[in-house]
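Here is the structure we will look at, set down as C-alpha cells.
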Amino acid sequence: MDFIFNLIKAFFLGIIQGITEWLPISSTGHLIIFDTIWPLTPAAFFEVFKVVIQFGSILAVLFLYFRKLNPFDPEKSSKKKRETFHLWKLVIIGCIPAAVIGFFLDDIIEQFLSANFVIAVALITYGIIFIITAKYPKKVTIESLNELDVLTSLKIGFFQCLALIPGTSRSGATILGGLYCGCSRYVASEFSFFIAIPVMAGASLLKIVKYFMETGMFTLDQWALLFVGTFVSFVVSVFAIQGLLNYVKKHDFTSFGWYRIALGIFILLFFYIL
C-alpha cells in the first residue's frame, strides 16, 4: 500500500515538475512544498527524486528541438551547422558559473536553504522583480538566438546561479538575465531551455552518484517511482514549453510575478502563521 501511495505522489510530482520547470515560478520550490504536505518516503530518496525527474524535462527540450540542436543534421547547410555549434558553445559557456558554484554549494543549499521560509521569500522577491521588469523593460537588441554572443551567454549564466536558492526558479533567473541583456521574451525563454540541458543533466548525475555512495543502489520500487516521475515530467514538459513560447509572443511576465507573490504569501500564512 505504501508503494501505491508513493506511486501516486510520484505521478503528481512529475506533473508539477513538468509544468513548473519551464515557467518562471520555481519547480524545486513547488516540489518541496508538495512534499512537505504529502511526503514521498523515505526523505533521503525524495532529495534525489526531485532532481532526477528533471531529466524528463530535459528530454522534452531535446525532443522538441532535436533538429535545431543537432549540428550533424544532414539537411542543414554548412552555415546552419556552424550556427548550431556556436549555439552549443554559448550554452556550455553559460552553464559554467552554475556548474562550478552548484558543485561546491550543493550540500549547503540542501541542508540550510531548502526551507519553506526561504522558498516563500524567493518567490515574493523575484515576483516583484518580474513585475518591475515588465513595467520598465529594457530595449530589445537581441531578437534571434544567432545574435547572442559569448559575453551575453556568460552574463545569463551568472543569473542562473541565483536559481541555486530554492524558490528562485532556474528558468526565471535565466529569463531575467536574458531580458536584462536585451533579449526578446522569446529568445530569453528559448535560451533558458537550452542552457538548462547541461546543468540539469549534471545535477541529476551528481545526485545519483551521491545517493549511491551514501545509501546504495535504488530498490526496484524506487526505480519504478523514478520512471513514473520522469516519464510524466517529460510528457507535461512538452506541452508546458510550447505553451510558454506561445504565451510570451503576446504577453510579458507580469502574471507570473503576481502568481509568485501570491504563492509566497500563501506559504508564509500556511506554514508560519495559521
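Placing a label point 7 Å from the Cα of Ala115 along the Cα-to-Cβ direction, the residues of segment 155-198 whose backbone N falls under 14 Å of that point are 166.
Per-residue Karplus couplings for segment 130-146, computed as 6.51 cos²θ - 1.76 cosθ + 1.60 with θ equal to phi - 60°, are listed in order as 4, 5, 5, 4, 5, 6, 10, x, 7, 5, 6, 10, 10, 10, 8, 4, 5 Hz, Gly and Pro entered as x.
Applying 0.36 nm per residue to the separation of Val150 and Val100 and subtracting their alpha-carbon distance, the gain on full extension is 16.2 nm.
Over the chain, dividing the summed -39,500 (n - 2.57) contributions of all DSSP H runs of at least 4 residues by the number of residues returns a 222 nm mean residue ellipticity of -25000 deg cm²/dmol. Relative contact order of segment 68-187, taken over Cα pairs closer than 8 Å and 6 or more residues apart, is 32 percent.
Available extension along the chain between Phe239 and Glu83 is 53.5 nm, counting 0.36 nm per residue and deducting the alpha carbon span. Simple rule: put +1 on each Lys or Arg Cβ and -1 on each Asp or Glu Cβ in segment 1-273, find the dipole, and look at Phe49, Phe256, Thr133; the Cα lying farthest toward the positive end is Thr133.
Specify the residue with the greatest mean-square fluctuation among Tyr180, Tyr136, Tyr65, computed from a Gaussian network of the chain linking alpha-carbon atoms under 10 Å apart. Greatest mean-square fluctuation among the candidates belongs to Tyr136. For segment 8-13, the Karplus equation 6.51 cos²θ - 1.76 cosθ + 1.60, evaluated at θ = phi - 60°, returns couplings of 5, 4, 4, 4, 5, 5 Hz by residue, with Gly and Pro reported as x. Using the Cα gyration tensor of segment 37-155, with a ≥ b ≥ c the square roots of its eigenvalues, what is the shape: rounded (a/c below 1.5), prolate (a/b larger than b/c) or oblate (neither)? Oblate.
Our summary gives the chain a relative contact order of 37 percent, counting only alpha carbon pairs under 8 angstrom and 6 or more residues apart. Karplus-derived 3J(HN,Hα) values for segment 45-59, using 6.51 cos²θ - 1.76 cosθ + 1.60 with θ = phi - 60°, are 6, 4, 4, 8, 4, 5, 8, 5, 5, 4, 4, x, 5, 5, 4 Hz; glycine and proline are entered as x. For Asn70, the amide hydrogen comes within under 5 Å of no other amide hydrogen, counting only partners 5 or more places away or on other chains and with H modelled in the peptide plane.
Each reported figure results from applying straightforward, stated rules to the coordinates on display, with no laboratory input. None of these values were measured; they are calculated from a predicted model. All Cβ positions, glycine included, derive from the backbone under ideal geometry; neighbour counts span all protein chains shown.
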